[in-house]
Every structure is written in C-alpha cells, then in structure tokens.
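Taking it in order: structure first as structure tokens, then the write-up.
The values are calculated or read from the model by the stated rules, or taken from the named source; none is laboratory data. Quantities reported herein were computed from a predicted structural model and do not represent experimental measurements. Cβ sites come from the backbone with ideal geometry, for glycine too, and all protein chains shown count toward neighbours.
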C-alpha cells in the first residue's frame with residue numbers, strides 16, 4: 001500500500017496541509033496513520049476522501065453540514081459489505097436532507113450569479129457601444 005506524507009496528500013487532493021490538520025482536529029477526517037515520530041501518512045483512499053470533502057466545500061456546503069453528511073462513513077462501502085440496506089435508511093435519509101437543503105442554497109446562488117452575469121454583459125455592451133460611437137465620430 002502506497003502511503004503519502006501530509007505535504008504530498010495536500011498536493012494530490014488540493015487541500016492545504018493546514019486544512020487537513022484542521023479537518024482532523026474537528027473530526028471531519030479520521031486520524032491518519034502515523035510513522036517515524038508521529039508523522040502523518042495517508043492512503044490513496046484517504047486522498048480520495050479529501051478530494052470529496054474539498055468538492056463539497058467548494059460548492060459552499062458548511063463544515064457542519066459536511067460533517068453531518070460524512071459522519072456515518074461511506075455508504076457504498078457498507079452496501080458492498082454485509083450491512084443490510086435497511087440498516088442504512090436513517091443515514092441515507094439524513095444525507096438526502098443535507099443534500100436537499102444544500103441544493104436549494106445552490107439554486108438560489110445560481111440565480112444570483114445569473115443576474116450578476118446578465119448585468120455584467122449589459123454593462124459591457126454599453127461600454128463597447130460608447131467606444132464604437134466615439135471611434136465613428138473621430
């Protein structure tokens with residue numbers, strides 16, 4: 001199994017070393033494996049999880065909601081093991097609730113961005129028109 005130092009894990013996942021330590025401190029990341037005087041080392045699976053956390057954070061999901069979303073571990077891994085789907089219902093329902101709430105927030109943000117984009121395009125059209133009229137009058 002290939003293990004990565006915190007700096008290499010940060011580089012591969014796009015999450016800073018500082019953030020990885022913080023996520024570990026608040027319980028968002030499980031404690032990493034340690035070697036040689038307590039140095040942290042991460043697996044490829046850990047890095048995939050870090051990348052997943054980063055993607056949730058980039059969409060604007062709060063750390064509280066991310067923690068709620070991931071606190072029960074990987075559902076797909078549990079389904080592939082001996083866990084019965086009915087045992088996962090509470091966790092799945094909680095994730096549906098978190099994602100639904102987050103999707104509503106993203107839809108509002110998307111609408112706001114579309115309005116800003118439209119206004120910006122109108123401003124650009126106005127400025128280009130002013131420049132064109134000025135050039136025609138010279």
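Points worth noting:
Results for (1) in contact (Cβ under 8 Å) with a residue 12 or more places away in the chain; (2) under 19 Å from the mean Cα position of the chain (by Cα), shown as yes or no for each residue.
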| residue | (1), (2) |
| --- | --- |
| 5 | yes, no |
| 9 | yes, yes |
| 17 | no, yes |
| 26 | yes, yes |
| 51 | yes, yes |
| 77 | no, no |
| 100 | no, yes |
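- Scan of the range 37-93 for residues that are closer than 30 Å to residue 107 by Cβ, assigned to a loop (DSSP other than H, G, I, E, B) and at pLDDT below 90, ordered by number: 71, 72, 73, 74
- Some residue of the range 65-87 being surrounded by fewer than 15 Cβ atoms within 10 Å (Cβ to Cβ), under 15 Å from residue 22 (Cα atoms) and not assigned by TED's automatic domain parsing to the domain that holds residue 11: no
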